[in-house]
Amino acid sequence: MNLNLGISILATALIIIARPNAFERAGAPTNPAQPQSATDSKSPAFEVASIRPSNPDVRAVAGISVSPGRFTATRMSVNGLISYAYSVTIYDVLGGPDWTDSQEFNIEAKAEDPGLAYSAPTKPAEDECRLMVQSLLAERFKLHVSHGTRVESVYALVKGKTIPGLVPASPPDPAPDGSPASQWSINFVHGQWIAKRQTMGSLADLLTGQPGIGRIVLDETGLKGAYDFTLDWSPIQDSGGPTVFAALAKLGLKLELKRHLSETIVIDHVEKPTEN
């Protein structure tokens, strides 16, 4: 998925999963993959879910949104859903027919427990939500997967001696009902990424596969918590602006090339869902 300049992304929770457009998804796992069903009968599941193919004529930002008791996926491929459900990058989802990467779906799912919430990338409740998506994939897409690993070249996002461009974010305002609220956002406009309450893990995810990077980016900054910052960089290569490496340097961050052992998810079996 290419990021669209001028689009503001604001939600209780919005996770953008990039499609591998910068380099080819390649390679079988380096160790024998162990086949298994995507989930088992004891895994948590959504109470009800609606799945429909996305309308290619309707412009919308692709992503996943999780709010109390509700899961929404907009213009998400099966590979993107697997990436979210198993906490791997989309580059490490292997195998499967072409449609798992090319066809997009809109999903609205409701959890029986309204306490399901995602207020920050580190919130423990997200783990349960991912398990629910695994159950959804197994039930509605008949997904069976294998787990493996492979060694690949990645970028590590690390910090310099100082981080002048990162400002610790203030706590978010509570929701109207008094519960903790997530008010994090990132806006892409006029050659800048304007971030509010973003973790370094989220930044690494957003940088993954971007033009000029073309690889997985892992957060190895050691920085905890959320930050406000502005990244003066555009993924449009002919914009005449600074490179992503120069833009990150102004924040006090840099990308270092390294070899990394990555977990892979191999699609052994998958079917298109029936609409409802």
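Among 116, 137, which is the only one that is modelled with pLDDT of 95 or more and either crowded, with 19+ Cβ neighbours inside 10 Å or more than 16 Å from the chain's Cα centre (by Cα) (or both)? Answer to the selection: 137. Residues that are under 30 Å from residue 101 (Cα atoms) and either modelled with pLDDT under 95 or surrounded by 15 or more Cβ atoms within 10 Å (Cβ to Cβ) (or both) do not occur anywhere in the stretch 223-230.
The residues of the stretch 239-257 that are more than 17 Å from residue 201 (Cα to Cα) and among the basic types (Lys, Arg) amount to a single one, 250. Selection of the stretch 68-112 for residues being within 24 Å of residue 261 (Cα to Cα), touching a residue at least 60 places away in the same chain (Cβ under 8 Å) and of a type in the set (Gly, Ala, Ser) yields 80, 83, 95, 96. Looking only at residues in the stretch 231-268 that are of a type in the set (Ser, Thr, Tyr) and part of a loop (DSSP other than H, G, I, E, B), the one that is surrounded by the most Cβ atoms within 10 Å (Cβ to Cβ) is 234. Taking the conditions (1) among the small types (Gly, Ala, Ser); (2) at pLDDT 90 or above; (3) in contact with a Phe, Trp or Tyr (Cβ under 7 Å, 6 or more places away or on another chain) in turn, residue 13 satisfies each one other than (2). Looking only at residues in the stretch 85-113 that are under 18 Å from residue 52 (Cβ atoms) and of a type in the set (Ser, Thr, Tyr), the one that is surrounded by the fewest Cβ atoms within 10 Å (Cβ to Cβ) is 102.
Taking residue 197 as the residue in question, decide whether it is among the charged types (D, E, K, R), surrounded by 13 or more Cβ atoms within 10 Å (Cβ to Cβ), part of a loop (DSSP other than H, G, I, E, B) and at pLDDT 85 or above. When the stated conditions are applied, residue 197 does not pass them.
The values are calculated or read from the model by the stated rules, or taken from the named source; none is laboratory data. Keep in mind it's a predicted model, so treat the numbers as computed, not measured. No Cβ is skipped: glycine too gets one built from the backbone with ideal geometry, and neighbour counts run over all protein chains shown.
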